[in-house]
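Accompanying notes for the structure given below.
The values are calculated or read from the model by the stated rules, or taken from the named source; none is laboratory data. Worth saying up front: this structure is predicted, and the values here are computed from it rather than measured. Neighbour counts run over all protein chains shown; Cβ positions are idealised from the backbone, glycine included.
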């Protein structure tokens, strides 16, 4: 008879935490109610996000656009979101452009 496949499996920290806490799991008693509650929470969060963003149109250097599109391909995050994240970081850190 063959040996069990998972005998020598090493768990990472998160996996070990899950393994250690499996006995604490309790199934949701009303799945439909929970699903609706989560949908409402997700909808509210999306409304919050939408309310903080403003759609604009800008001209952007093609090199900068290429950079963010390449980064998007690497990370799986839409290039528009990457540009927004970068601009938010600049604003938070009060970065100023270098005028050459």
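Brief remarks on what is shown
- Filtering segment 49-96 to residues that are out of contact with any helix residue (DSSP H, G or I) (no Cβ under 9 Å at 6 or more places or on another chain) and either at pLDDT below 90 or on the phi > 0 side of the Ramachandran plot (or both) leaves 49, 50, 51, 52, 54, 55, 76, 94.
- All helices (runs of 4 or more DSSP H) inside segment 10-93 with 2 or more residues being in contact (Cβ under 8 Å) with a residue 12 or more places away in the chain: 62-75, 79-92
- Among the residues listed as 1, 46, the single one being out of contact with any helix residue (DSSP H, G or I) (no Cβ under 7 Å at 6 or more places or on another chain) and either modelled with pLDDT of 90 or more or surrounded by 10 or more Cβ atoms within 10 Å (Cβ to Cβ) (or both): 46
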